[in-house]
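A.B. asks: Sending over a structure as structure tokens; questions will come in a sec.
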Amino acid sequence: MIRFFRHYIPLNLLLLLFTEALILGGAIYAGVNARFLEGGAIPGSLQPILPKALTFAAVMMGLMTASGLYDMEWQGGLRALLQRLGLSFGLGLVAMSVLFYFFPALLVGRGAFLLSFGLALLGILFSRTLFVRWTRVGAFKTRALVVGTGSRAAHIEALLSKRSHTSNTQVVGYLPMGGSHHFVDHARILDTREPLPELIRRLQVSEIILAVRDRRSGGMPVQDLLKCKLHGVRILELSSFFERENGHLQLDSMNASWMILAEGFHQGIMRDTIKRLFDLLVSAAMLVVTLPIMALTALLIKLESRGPVLYRQERVGQGCRSFTILKFRSMCVDAEKDGKPRWARQNDSRITLTGRFIRRTRIDELPQIFNVFFGDMSFVGPRPERPYFVQDLTQKIPYYGVRHTVKPGITGWAQVRYPYGATDEDAMQKLQYDLYYVKNHSLFLDLMILFQTAQVILWGKGVR
């Protein structure tokens, strides 16, 4: 994997992005040249072609990202792929038509554009076919050796077996470090009589993952590991492995010393200023765009049931400070008539008809744009919870308070990576993604999350 702005991106995904960007941009050149092949030279009014090709590639790749076509976790089949491609190119046709209307300089002619559009679609289908084949044969996978055969090593085996088609790591074997209990497949345990550097060379290993809990008893081959590192082999802590592969910080494999010494968890005036300016500009623009939608939603809520249109609730924000969050009311007025807070459940009977629709489309979250504008929240960050749940979860889950070192968000890494949670176990799983965000947050990661949020809205993932 390649680390870009502290966020891990698979090498095969980068190659796919680069290839399809060339296909999309090249389709404009090919379409224009093919259109004017009989007539000779390309008209001067269409020159230069490069800005038009770059605009088309940027628009289409943005829509394809929002449709989930660059989601490495997605396991859909051919039919689902064609659906997402159809949605992306359908929206692309509309978006480019609008751009041509407002920016006539981008126009390449109707015939040339339709030809380019068709070539682009065929090219993307071809690239996807090749990508699927490369994935099946394990191209670009890192060959790794796991040091340890205990419960920690078993976590690696379970993760990679579950994500065999999407993971970029191929474990060639497990090296035992003493002890008689092995929790991994015994057939994959390697012979320890061969020196580690020779074993690494023979198996063509480029990465060693340390999955040993106790390293102070003298069982670790420190000198051999040092030799391997000096010969270019990466040595990876288990916590760093899960961070890279899963996009979260595994609670049962991390400790305070790792958090202190690990790269990340940065805070600073420059980062906060950039994020605040981004939030102000986007929230102001979104308020203008979404005001008609919010007005219609308020009318529907008022017509369906009695009670206020907006739902106000106390939440815990940055620095554990409380603030009032705004949402469109999606439940009946007496949803918590006994005064006891509850998680929302699947098919919750307290949700109104209008509420079910606005939850599925995330329209109920739109009033939180005001929270962002006034500085209580950010667009991207950990989901703010109610004080009752925060107090309870802080006592039950280690490092839960770390998520309050950044501003909460309307959307976040946990929301796009993990389905809606309604239990303490779900809260712990989501915390692992929140910790990843706190450790690696950047404007680049924020933009990635916003694109994935569009995917969540389009396909209705994680709604309750």
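The values are calculated or read from the model by the stated rules, or taken from the named source; none is laboratory data. Since we're looking at a predicted model, the values are computed, not measured. Heads up, the Cβs are rebuilt from the backbone with ideal geometry, glycines too, and the neighbour counts pull from every protein chain shown.
A.B. asks: Of everything in the stretch 117-152, what is out of contact with any Leu (no Cβ under 9 Å at 6 or more places or on another chain), small (Gly, Ala, Ser) and modelled with pLDDT of 80 or more? Give them in sequence order.
C.D. replies: GLY118, GLY150, SER151
A.B. asks: Related question: Just need a number here: residues in the stretch 96-118 that are under 19 Å from ALA34 (Cα atoms) and either in a helix (DSSP H, G or I) or under 30 Å from the mean Cα position of the chain (by Cα) (or both). Spell out the reasoning first.
C.D. replies: Applying the first criterion (under 19 Å from ALA34 (Cα atoms)) to the stretch 96-118 yields 106-118.
Filter once more, so that each one left must be either in a helix (DSSP H, G or I) or under 30 Å from the mean Cα position of the chain (by Cα) (or both): 106, 110-118.
Selection size over the stretch 96-118: 10.
A.B. asks: Please work out which residue is farthest from LEU93 (Cα to Cα), limiting yourself to the stretch 124-144 and to residues that are outside any helix (DSSP H, G or I) and β-branched (Val, Ile, Thr). Outline the logic, then answer.
C.D. replies: Keep residues of the stretch 124-144 that are outside any helix (DSSP H, G or I), which gives 137-144.
If we keep only those that are β-branched (Val, Ile, Thr) too, we end up with 137, 142.
On the way: VAL137: 35, THR142: 39 Å.
This residue is THR142.
A.B. asks: Determine which single condition VAL233 fails, assuming it passes every other condition in (1) among the hydrophobic types (A, V, I, L, M, F, W, C); (2) free of Cβ contacts under 8 Å to residues at least 24 places away in the same chain; (3) closer than 26 Å to GLN170 by Cα.
C.D. replies: (2)
A.B. asks: Now, a different point. Residues being assigned to a helix (DSSP H, G or I), buried (at least 16 other Cβ atoms within 10 Å of the Cβ) and not acidic (Asp, Glu): count how many of those fall in the stretch 228-243.
C.D. replies: Let us first name the residues in the stretch 228-243 that are assigned to a helix (DSSP H, G or I), namely 228-230, 238-243.
The next check asks that each one be buried (at least 16 other Cβ atoms within 10 Å of the Cβ); those that pass are 228, 238-243.
With the extra rule that they be not acidic (Asp, Glu), the set shrinks to 228, 238-242.
Total satisfying the criteria: 6.
A.B. asks: Just one of the numbered conditions (1) in a loop (DSSP other than H, G, I, E, B); (2) under 28 Å from ALA30 (Cα atoms) is not true of LEU121; which one?
C.D. replies: Looking at each condition in turn, LEU121 falls short on (1).
A.B. asks: For ARG306, are the conditions met, namely being of a type in the set (Lys, Arg) and part of a loop (DSSP other than H, G, I, E, B)? Step through it out loud before you land on a result.
C.D. replies: Working: of a type in the set (Lys, Arg): yes; part of a loop (DSSP other than H, G, I, E, B): yes.
Taking the combined requirement at face value, the residue satisfies it.
A.B. asks: Could you say whether any residue in the stretch 255-272 is out of contact with any Gly (no Cβ under 8 Å at 6 or more places or on another chain), modelled with pLDDT under 90 and among the β-branched types (Val, Ile, Thr)? Write out each step before concluding.
C.D. replies: Residues of the stretch 255-272 out of contact with any Gly (no Cβ under 8 Å at 6 or more places or on another chain): 255-272.
With the extra rule that they be modelled with pLDDT under 90, the set shrinks to 255-272.
Cutting the leftovers down to among the β-branched types (Val, Ile, Thr) gives us 260, 269.
Yes: the stretch 255-272 contains one or more residues that are out of contact with any Gly (no Cβ under 8 Å at 6 or more places or on another chain), modelled with pLDDT under 90 and among the β-branched types (Val, Ile, Thr).
A.B. asks: Given the options ILE28, ILE42, name the one that is outside the structural domain of LEU450 (by TED's automatic domain parsing), hydrophobic (A, V, I, L, M, F, W, C) and in a helix (DSSP H, G or I).
C.D. replies: Numbers: ILE42 fails: in a helix (DSSP H, G or I).
That would be ILE28, the only listed residue that is outside the structural domain of LEU450 (by TED's automatic domain parsing), hydrophobic (A, V, I, L, M, F, W, C) and in a helix (DSSP H, G or I).
Okay, residues lined up against (1) modelled with pLDDT under 90; (2) assigned by TED's automatic domain parsing to the domain that holds LYS275:
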| position | (1), (2) |
| --- | --- |
| GLY401 | no, yes |
| GLY409 | no, yes |
| ALA414 | no, yes |
| PRO419 | yes, yes |
| ASP426 | yes, yes |
| TYR433 | no, yes |
| GLN455 | yes, yes |
| ARG464 | yes, no |
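A.B. asks: What are the residues in the stretch 420-446 that are in a helix (DSSP H, G or I), out of contact with any Lys or Arg (no Cβ under 6 Å at 6 or more places or on another chain) and among the hydroxyl-bearing types (Ser, Thr, Tyr), if any?
C.D. replies: Answer for the stretch 420-446, where residues must be in a helix (DSSP H, G or I), out of contact with any Lys or Arg (no Cβ under 6 Å at 6 or more places or on another chain) and among the hydroxyl-bearing types (Ser, Thr, Tyr): TYR436, TYR437.
A.B. asks: Output the number of residues of the stretch 437-453 satisfying the condition of being within 11 Å of the chain's Cα centre (by Cα) and in contact (Cβ under 8 Å) with a residue 40 or more places away in the chain.
C.D. replies: Number of matching residues: 9.
A.B. asks: Pick from the stretch 145-192 the residues that are aliphatic (A, V, I, L, M) and in a loop (DSSP other than H, G, I, E, B): which of them is surrounded by the most Cβ atoms within 10 Å (Cβ to Cβ)? Can you show your working first?
C.D. replies: Taking the stretch 145-192 and keeping what is aliphatic (A, V, I, L, M), we get 145-147, 153-154, 156, 158-160, 171-172, 175, 177, 184, 187, 189-190.
Now restrict to residues that are in a loop (DSSP other than H, G, I, E, B): 177, 184, 190.
Numbers: MET177: 21, VAL184: 23, LEU190: 17.
My answer is VAL184.
A.B. asks: Restricting attention to the stretch 395-405, and to residues there that are surrounded by fewer than 16 Cβ atoms within 10 Å (Cβ to Cβ) and assigned to a helix (DSSP H, G or I), which single residue is farthest from the chain's Cα centre (by Cα)? If you could, list the steps in order and put the result at the bottom.
C.D. replies: Within the stretch 395-405, the first condition is being surrounded by fewer than 16 Cβ atoms within 10 Å (Cβ to Cβ), and the residues that meet it are 395-396, 398, 401, 405.
Now restrict to residues that are assigned to a helix (DSSP H, G or I): 395-396, 401, 405.
Numbers: GLN395: 28, LYS396: 27, GLY401: 22, THR405: 21 Å.
In this case the residue turns out to be GLN395.
A.B. asks: Now, a different point. Within the set of pairs 6+ apart or on separate chains, which have a first residue in the stretch 159-178 that is assigned by TED's automatic domain parsing to the domain that holds LEU199 and touching a residue at least 60 places away in the same chain (Cβ under 8 Å), a second that is assigned to a loop (DSSP other than H, G, I, E, B) and among the acidic types (Asp, Glu), and C-beta atoms under 7 Å apart?
C.D. replies: Partner pairs satisfying both residue conditions: THR166/GLU73.
A.B. asks: Considering only residues of the stretch 212-236 that are aliphatic (A, V, I, L, M) and at pLDDT 90 or above, which is nearest to the chain's Cα centre (by Cα)? Let's see the steps before the verdict.
C.D. replies: Keep residues of the stretch 212-236 that are aliphatic (A, V, I, L, M), which gives 212, 220, 222, 225-226, 230, 233, 235-236.
Narrowing further to those that are at pLDDT 90 or above: 225-226, 230, 233, 235-236.
Working: LEU225: 33, LEU226: 34, LEU230: 34, VAL233: 28, ILE235: 25, LEU236: 22 Å.
Checked the stretch 212-236; the qualifying residue nearest to the chain's Cα centre (by Cα) is LEU236.
A.B. asks: Can you tell me which residue within the stretch 35-63, out of those that are modelled with pLDDT under 85 and closer than 17 Å to LEU107 by Cβ, is surrounded by the most Cβ atoms within 10 Å (Cβ to Cβ)? Give the steps one after another, and end with the answer.
C.D. replies: Our first condition is that a residue be modelled with pLDDT under 85; within the stretch 35-63, this holds for 35-47.
Adding the requirement that they be closer than 17 Å to LEU107 by Cβ leaves 35-36, 42-47.
Details: ARG35: 20, PHE36: 16, ILE42: 18, PRO43: 11, GLY44: 6, SER45: 10, LEU46: 16, GLN47: 11.
Ranking the qualifying residues of the stretch 35-63, first place goes to ARG35.
A.B. asks: Just a yes or no: is a residue in the stretch 295-304 at pLDDT 90 or above and either among the acidic types (Asp, Glu) or surrounded by 20 or more Cβ atoms within 10 Å (Cβ to Cβ) (or both)?
C.D. replies: Checked the stretch 295-304: at least one residue is at pLDDT 90 or above and either among the acidic types (Asp, Glu) or surrounded by 20 or more Cβ atoms within 10 Å (Cβ to Cβ) (or both).
A.B. asks: Sticking with this structure for a sec: Taking only pairs six or more apart or across chains, which ones have beta-carbon atoms under 6 Å, a first residue in the stretch 298-317 that is over 16 Å from ILE351 (Cβ atoms) and in contact (Cβ under 8 Å) with a residue 40 or more places away in the chain, and a second residue that is of a type in the set (Val, Ile, Thr) and in a helix (DSSP H, G or I)?
C.D. replies: What qualifies is VAL316/VAL390.
A.B. asks: Could you tell me which numbered condition PHE265 fails, if it satisfies all but one of (1) under 18 Å from VAL146 (Cβ atoms); (2) touching a residue at least 12 places away in the same chain (Cβ under 8 Å); (3) surrounded by fewer than 18 Cβ atoms within 10 Å (Cβ to Cβ); (4) hydrophobic (A, V, I, L, M, F, W, C)?
C.D. replies: So PHE265 meets the others, but not (1).
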